[in-house]
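Taking it in order: structure first as structure tokens, then the write-up.
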Amino acid sequence: GLNFIDLMVRQGNIDNPPKTPLVPGFECSGIVEALGDSVKGFEIGDRVMAFVNYNAWAEVVCTPVEFVYKIPDDMSFSEAAAFPMNFVTAYMMLFEVANLREGMSVLVHSAGGGVGQAVAQLCSTIPNVTVFGTASSFKHEAIKDSVTHLFDRNADYVQEVKRISTDGVDIVLDCLCGENTGKGLSLLKPLGTYILYGSSNMVTGETKSFFSFAKSWWQVEKVNPIKLYEENKVIAGFSLLNLLFKQNRGGLIKGVMDKLLNLYNSKKIKPVVDSLWALEEVKEAMQRIHDRGNIGKLILDVEKAPTPLMANDSTETSEAGEEEEDHEGDNENKERMPFIQ
């Protein structure tokens, strides 16, 4: 699975980035080839999906058994590689941190991405939950049925939300950071919860731009605890990778995965796979997720042959290394993408 955190690792926009050379990637699916001496519950030949603390983008992956889960019989390998990070993140934020209940409302950014689509599906399992989503306008037709109200990512979504719901929303899920932090807090109802789970605005162009990075941080509103107290608002952060690999909560995550697999087997949720890419195409795949071109999850498939590139198939970035707001080439790029229908 390819996630936005992989772009942040590549640019060094994380705490204590690993030394190079390294193999990126935090989740995968495959077939068990070998077992440790004391491993119970798995056999060679089992179809599994797993979390990995780096090194997932490889033909052979080794990870502790507590991070490995069996794949349901009717789930494909590509769906399994798209499942763990997105759905566990979405479930933990909605139900463990924000305590989503019937009749609540949720605002999620990047509604067309892997986590955004997982959030929308999980919200649909609870009665009368209203989902507000932001996404690039070219995605709206494809994802309009997954959320209640959909706004262009460049529009003034604060006013749009308040026009529909004067009091605001109960839960804000923010993967953007920057100026969106203050906007999200301003939209919270009393006893509402704001959760920061990423900072994709910190990712700039092909290389890290210090000025863009600094600008994004300056836009983060300073949070005053007294103001939170007066307004009855909750602010939280969520990092699945830290929970797994630094804070040793693998047992908690296993319980969540059991619940999610029950929902999958009940046909209430299903991972959305945007496209499959050969390992040789990782640069183009990363560019697609950087430009928010994906609907659902991008997957690296070690058995896939590279797709021939068209001569005009490239994505431009500005001289400052920042993503252009208008992607006029998106439609052309999507023509070449190996979509999964």
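Computed quantities for the displayed model
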{"read-out": "GluC sites (Glu not before Pro) restricted to the stretch 225-311 and DSSP loop, no more than 16 other C-beta within 10 Å", "value": "E303"}
{"read-out": "Segments 75-85, 286-296 sorted - mean Cβ within 10 Å per residue, highest first", "value": "75-85, 286-296"}
{"read-out": "Within the stretch 1-153, percent of DSSP bridges classed antiparallel, to nearest 5", "value": "50 percent"}
{"read-out": "Area of L240 that stays accessible when all protein chains are in place (1.4 Å probe, Å², to 10)", "value": "10 Å²"}
{"read-out": "The stretch 45-112: translational diffusion in µm²/s, Stokes-Einstein, Kirkwood Rh over Cα pairs, 25 °C, 0.890 mPa s", "value": "172 µm²/s"}
{"read-out": "M8 accessible area, assembled protein chains, probe 1.4 Å, Å²", "value": "20 Å²"}
{"read-out": "Area accessible to solvent at K283, 1.4 Å probe radius, in Å²", "value": "130 Å²"}
{"read-out": "Dipole in debye (nearest 20) - the stretch 31-109, about Cα centre, beta carbon charges: Lys, Arg +1; Asp, Glu -1", "value": "260 debye"}
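The values are calculated or read from the model by the stated rules, or taken from the named source; none is laboratory data. In this text, all values refer to a predicted model and were calculated from it rather than measured experimentally. Neighbour counts run over all protein chains shown; Cβ positions are idealised from the backbone, glycine included. Surface areas here come from the heavy atoms of the whole protein model, side chains and all, with no ligands, DNA or RNA. Shrake-Rupley method; radii C 1.70, N 1.55, O 1.52, S 1.80 Å.
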